[in-house]
């Protein structure tokens, strides 16, 4: 179980915590600077041809209070400032088109600078992937892209018309080149047209961080695939 949790990016867990804890934030000047945890993400969405560079700051750890940088502190990606989103309590820069790598630079109120590179590993549905999904049979996707290495994971979500019936499948095994949607978990989905959503995460520790640590995540989402669910 411990190895499994290490393979799942903190970003993935933070999304769940977002719905559990809300988005209240505090000014970074009110906390010890060396206790600020930083989550850096570079996310390319092939469906929108859009890259998002995001940073979320927390006090202590990724379950702590989210922080808004006080005057004098800053966060940039490849030299461009990220804008604060007060609703979701993170910093973001939108870039049209794919960006496969870049560098975040965070400067805290003590004048310390933390420089962290990030890279994305692409993934895609293979040409000729079956677009009919029989719920009674295993459905395998041998993705286009390299095999998984340490710190990587691939997820596939099956999103039917009844969105509440969405199923998420996770592959974290080193060397894996495919993921299988198992019939046991598909049985209660209604027969209809659905969408397959595939994401690849590359997670690592930051090159430079406070004593609280952080995480660097490269995130690639392939173009969604429409399927007939039988």
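The values are calculated or read from the model by the stated rules, or taken from the named source; none is laboratory data. All figures in this text were calculated on a predicted structure; none of them were measured in a lab. In this analysis, Cβ positions are derived from the backbone assuming ideal geometry, glycine residues included, and neighbour counts consider all displayed protein chains.
Points to keep in mind about this one:
- Within region 53-65, residues that are outside the structural domain of residue 36 (by TED's automatic domain parsing) reach no partner that is outside any loop (DSSP other than H, G, I, E, B) and modelled with pLDDT of 95 or more with beta carbons closer than 6 Å at six or more positions or on different chains.
- Condition check for residue 208: closer than 30 Å to residue 37 by Cα, surrounded by fewer than 21 Cβ atoms within 10 Å (Cβ to Cβ) and out of contact with any helix residue (DSSP H, G or I) (no Cβ under 7 Å at 6 or more places or on another chain): yes
- Only one of the numbered conditions (1) in the same structural domain as residue 52 (by TED's automatic domain parsing); (2) under 21 Å from residue 121 (Cα atoms) is violated by residue 153, and that is (1).
- Per this entry, residue 106 is not counted among residues that are over 26 Å from residue 227 (Cα atoms), surrounded by 14 or more Cβ atoms within 10 Å (Cβ to Cβ) and free of Cβ contacts under 8 Å to residues at least 24 places away in the same chain.
- Scanning region 44-75 for residues that are surrounded by fewer than 19 Cβ atoms within 10 Å (Cβ to Cβ) and under 18 Å from residue 204 (Cβ atoms) yields one hit, 61.
- Qualifying residue in region 158-168 (condition: part of a loop (DSSP other than H, G, I, E, B) and either touching a helix residue (DSSP H, G or I) at 6+ places or on another chain (Cβ under 7 Å) or surrounded by 16 or more Cβ atoms within 10 Å (Cβ to Cβ) (or both)): yes
- Annotation note: of 228, 188, the sole residue that is part of a strand (DSSP E or B), more than 22 Å from the chain's Cα centre (by Cα) and surrounded by fewer than 20 Cβ atoms within 10 Å (Cβ to Cβ) is 228.
- Qualifying residue in region 126-139 (condition: touching a residue at least 60 places away in the same chain (Cβ under 8 Å), under 15 Å from residue 217 (Cβ atoms) and crowded, with 18+ Cβ neighbours inside 10 Å): no
- Against the criterion of being modelled with pLDDT under 95 and under 20 Å from the mean Cα position of the chain (by Cα), residue 30 does not qualify.
- All positions within region 191-205 that are within 17 Å of residue 132 (Cα to Cα), modelled with pLDDT of 95 or more and surrounded by fewer than 20 Cβ atoms within 10 Å (Cβ to Cβ): 195, 197
- Output for region 76-94, where each listed residue is under 19 Å from the mean Cα position of the chain (by Cα), in a loop (DSSP other than H, G, I, E, B) and surrounded by 12 or more Cβ atoms within 10 Å (Cβ to Cβ): 82, 88, 89
- Test: residue 121 is at negative phi, in a loop (DSSP other than H, G, I, E, B), touching a residue at least 40 places away in the same chain (Cβ under 8 Å) and surrounded by 12 or more Cβ atoms within 10 Å (Cβ to Cβ): yes
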